[in-house]
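Here is the structure we will look at, set down as C-alpha cells.
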Amino acid sequence: MSKHERRVAIVTGAAQGIGAAIARRIAKNDVTVVIADVNAEKGEAVAAELSGHFHRTDVSDAAAVQGLVDDVMATYGRIDILVNDAAIVPFVAWEDLTFEEWRRVMAVNVDGLFLVTKAVSRHMADAGYGRIVNISSNTFVAGTPNANHYVSGKGASIGFTRSLASELGKDGITVNSVAPGLTESEGVKAGPHNEGFAYVVPMQAFNRKGQPEDIAPAVAFLTTEEAGWVTGQLLVVDGGHTRN
Ligand code: NAD
Ligand code: 4PL
C-alpha cells in the first residue's frame with residue numbers, strides 16, 4: 001500500500017494512565033497514534049477516541065512485539081515515533097522481594113524496552129528519521145524504597161537511552177528519557193503508591209498531586225521534528241520533587 005501521509009507513533013502502555021495522556025497529547029500534533037497494550041478493552045477505547053489503531057501487545061513477548069511492528073508497517077508503512085511507557089509499577093520491601101518477582105518486573109520494564117525498540121528502530125533507520133522516548137522514573141534519582149527491582153530497571157532504561165542515542169544518531173533518530181515523579185495514574189490510584197503523595201507533595205515546588213497530563217507535554221516535545229538537536233538526555237518531570 002502507499003505510505004501513510006501523517007507521522008505514525010507507537011505508544012506502549014497507552015490504555016490508561018501516563019501512556020494514555022501521552023497518546024492524547026501526541027495525537028494533537030497531527031500524528032496517527034497506535035496503542036500497544038495488554039489491556040484490549042481500554043486500549044481500544046483510547047484508540048477509537050483518537051481515530052488511531054490498537055494492537056494487543058505484551059511487550060515482554062518477542063513474537064507479540066514483532067506482530068505489532070509488522071501490523072503497523074502493513075497498515076501505515078512507517079513508524080516515526082516510539083514512546084516506551086508500558087511497565088509494571090510494583091510495591092514490595094527488599095526483605096520480601098524474590099528473584100521471581102525481580103524477573104517479572106525486568107521482563108516487562110527492561111526486556112520489553114529492548115524488544116520494542118529493537119523491532120521498531122530498524123524501520124526508523126531505513127527511513128533515516130525517528131524519535132524514541134523512554135519513560136523512566138524519578139525513583140532512580142531519589143533512590144525511592146520498596147521497589148528495588150523497579151528502580152533498578154528504570155536506571156537501566158536511562159543507560160539504554162544514553163548508549164543507544166550514540167549509535168542511532170547516524171540514522172537521524174533521537175533517543176531520550178523522561179522521568180516522571182509520583183503521578184496520579186489509574187495504576188497508582190488503585191495501589192499502595194497512592195499513600196506516597198503524603199511524603200512526595202511537600203517535597204515538590206507545587207502543592208498538588210502530579211497528573212498524567214503534567215507529563216505528556218514534555219514527552220510530546222521530544223517526539224517533534226524540532227526537538228532534533230536533543231538526544232541522550234534525561235528530562236525529569238516531577239513538579240520539582242528532585243533535582244537531577
Ligand atoms: P498504569 O499502571 O496506570 O498503566 C500502565 C499501562 O501499561 C497499563 O495500561 C497496562 O495494561 C500496560 N502494561 C503493563 N504491562 C504491560 C505489558 N507487558 N505489555 C504491554 N502493556 C503493559 O501506569 P502509569 O502510572 O501510567 O505508568 C506509566 C509509565 O510511567 C510506566 O513506565 C511507569 O513506570 C512510569 N512512571 C509512573 C509514575 C507514577 O507515579 N504513576 C512515576 C514515574 C514513572
Ligand atoms: C516518587 O515511578 O516516581 C512512587 C511508584 N514514588 O512508581 C514511580 C515516586 C512511585 C515515583 C514512583
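The values are calculated or read from the model by the stated rules, or taken from the named source; none is laboratory data. Please read all numbers here as calculations on a predicted model, not as lab measurements. Quick reminder, even Gly has a Cβ in these numbers, built from the backbone with ideal geometry, and neighbours come from all protein chains shown.
If you go through the stretch 182-200 and pick out every residue that is under 20 Å from the mean Cα position of the chain (by Cα) and within 16 Å of residue 241 (Cα to Cα), you end up with 4. Residue 235 satisfies every condition listed in (1) in a strand (DSSP E or B); (2) touching a Gly at 6+ places or on another chain (Cβ under 9 Å) except (2). Restricting the first member to the stretch 188-211 and to residues that are within 19 Å of residue 237 (Cβ to Cβ) and more than 12 Å from ligand 2 (Cβ to nearest atom), and the second to residues that are at pLDDT 95 or above and among the hydroxyl-bearing types (Ser, Thr, Tyr), the beta-carbon pairs closer than 9 Å and six or more apart or on different chains are 211/183; 211/185.
Which residue is farthest from the chain's Cα centre (by Cα), if the candidates are limited to the stretch 64-96 and must be away from ligand 2 (no atom under 15 Å from the Cβ) and part of a loop (DSSP other than H, G, I, E, B)? Let's see the steps before the verdict.
If we filter the stretch 64-96 for residues that are away from ligand 2 (no atom under 15 Å from the Cβ), which is where we start, we get 64-83, 94-96.
Among the residues that remain, those that are also part of a loop (DSSP other than H, G, I, E, B) are: 77-80.
Details: 77: 22, 78: 19, 79: 16, 80: 15 Å.
Filtering the stretch 64-96 for residues that are away from ligand 2 (no atom under 15 Å from the Cβ) and part of a loop (DSSP other than H, G, I, E, B), the one farthest from the chain's Cα centre (by Cα) comes out as 77.
Comparison of 121, 137 shows that the only residue that is modelled with pLDDT of 95 or more and in a helix (DSSP H, G or I) is 121. When residue 184 is tested against (1) in contact with a strand residue (DSSP E or B) (Cβ under 7 Å, 6 or more places away or on another chain); (2) charged (D, E, K, R); (3) buried (at least 20 other Cβ atoms within 10 Å of the Cβ), exactly one condition is not met: (3).
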